[in-house]
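Just below is one structure, and these are the notes that go with it.
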Amino acid sequence: MLSLMSRVWMRSTHCILKSPKYTPNICVTKSLNVTKVVKQLTTGTVGQQLEEVSTKSRKIVGYWLMTCGGLTFTTVIIGGITRLTNSGLSMVDWHPFKEFPPLNNNKWIEEFNKYKLFPEFKIRNKDMTLEEFKWIWYMEFIHRTLGRTIGAVYFIPAAIFWYKKWFTKSMKPRVLVFGGLLAFQGLLGWYMVKSGLEEKPEYQRDPKVSHYRLAAHLGTALVFYSLLIWSGLSHLTVPSQTQVTPQVLKFRRYTHMTKGFIFFTALSGALVAGLDAGLVYNSWPLMADRIIPTDLLSQSPKWKNFFENATTVQFDHRRLGELVLCGSTGLWIYSRRLPLSPRTRLAVNCLFAATLLQVTLGVTTLLFYVPKSLAASHQSGALTVLTIALWLSHEMKLLKKLPK
């Protein structure tokens, strides 16, 4: 554009000086006309095209982030089903880029023989057939393949967008953080699986992965997912313009508090899953006809109960779920008298409805002794509620302080 401006300026000046009717006043007039042309160039079609390119690239980056978020959502759900079907320990080794299904029956027998060397087969699956092994192997393979798909869908476009300079200065550090989290998540997944392949005295009854590592694996996935969704929303939508009042600012604080409770409730669900805590006290609202069960703090030291006692872990998960229900209900009631935008009000209504459904699913799953279909739906519901909470808090993003 600068070279075009230079040519316009030089050509106009040349024509003016060669003109037999040249006078200083005409020269000034011509110069003003050139200035006008330059202004039109910078603010007209060329400026609009630059703005359109910037908007288009921003949208593309936003859709890319949301696609990665959708894949992460799917992978978390498949991971939950993998755990529910006891499929996670079927693949006993890990290679970042060369894991493929066995190509013939001999290769399958070889893979099955490797599985037989580990505690899960020796203790739980002594009578498993080759066909049954294939089923659980494919479940774990699908989960790992989805994880690698996220890696490809994230890192390849990220490199292209970085090269094309489609990332803003503030977005570049986030892209690096997201990539680091994703790589760490893959390593953490194998670190978790490895804990279930070790020979341990406590595995004499039921070999399983470390519930601490399971919680870390899920927690990292939730953080990665939340960051993707937040950044994707920032690229694709403009936060609602809501009238700022003290009551609206208070509503914003309550929204963030509720979002925090939702996150920690979902995270505590990993401890429930890892300890099979959903299979104790399958009654509601009381636990064995008591508000507080007798074995709530039966382990010593006392702090261990909150992480290793199935009764305490289930008790905490119940209380956190009730806090989330109270929080979303309170937000919905409080929002009735606030001047919220239509989109913000829709987000509040969705959060309230999704939380009601999620609590209902949780209670039903408990009462029916954790059937796989209900348990998988409950985990999907947790991610759905978290997503809506992120959407709602993003709508309130511009509400910083009262106008002066």
Q: Kindly sort Cys350, Cys68, Cys326 by accessible area of their heavy atoms, largest first, with the probe set to 1.4 Å.
A: Cys326, Cys350, Cys68
Q. Using the Karplus equation 6.51 cos²θ - 1.76 cosθ + 1.60 (θ = phi - 60°), what ³J(HN,Hα) coupling, rounded to whole Hz, does each residue of the stretch 248-253 give in order, writing x for Gly and Pro?
A. 5, 5, 5, 4, 4, 4
**Q.** Sequence-distant aspartates and glutamates (8 or more away, or on other chains) whose Cα lies within less than 19 Å of Lys372
**A.** Glu132, Glu140, Asp206, Asp276
Q | Nearest-0.05 FRET efficiency for Tyr254 and Thr85, computed from C-beta distance (R0 35 Å) | A | 0.35
Q: Please give the length that would be gained between Asp295 and Thr149 if that part of the chain were fully extended, namely 0.36 nm times their separation in residues minus their C-alpha to C-alpha distance (nm, one decimal).
A: 48.1 nm
Q: For the stretch 127-204, just say rounded, prolate or oblate: build the C-alpha gyration tensor, square-root its eigenvalues into a ≥ b ≥ c, call rounded for a/c under 1.5, and beyond that prolate if a/b exceeds b/c, oblate if not.
A: oblate
Q: Give a quick list of trypsin sites (Lys or Arg not before Pro) in the stretch 137-167 that DSSP marks as loop, anything other than H, G, I, E or B, with at most 15 other Cβ atoms within 10 Å.
A: Lys164, Lys165
Q. What accessible area per residue comes out for the stretch 249-404, rounded to a whole number of Å², with a 1.4 Å probe?
A. 50 Å²
Q: Obtain the nm distance between the two label points defined at Glu308 and Thr168 by a simple spin-label model: each point lies 7 Å from its Cα along the Cα-to-C-beta direction.
A: 4.8 nm
Q. Largest first, what is the accessible-area ranking of Tyr225, Tyr281 with a 1.4 Å probe?
A. Tyr281, Tyr225
Q.
On a 1.4 Å probe surface of the protein chains, which of Ser54, Ser341 comes out largest in accessible area, and what is the full order?
A. Ser54, Ser341
Q) What pairs in Lys56/Lys250; Lys259/Lys304; Lys250/Lys302; Lys172/Lys397; Lys134/Lys259 have C-alpha atoms more than 32 Å from each other? A) Lys56/Lys250; Lys250/Lys302; Lys134/Lys259
(Q) Once you place label points 7 Å from the Cα toward the Cβ at Ser341 and Thr237, how far apart are they in nm? (A) 0.9 nm
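The values are calculated or read from the model by the stated rules, or taken from the named source; none is laboratory data. Because the structure is a prediction, the values reported are computed rather than measured. A quick note on method: Cβ atoms are made from the backbone with ideal geometry, for glycine too, and the neighbour counts reach across all protein chains shown. Ligands, DNA and RNA are stripped out before the accessible areas are found, and what is left, the full protein with its side chains, is counted by its heavy atoms. Shrake-Rupley method; radii C 1.70, N 1.55, O 1.52, S 1.80 Å.
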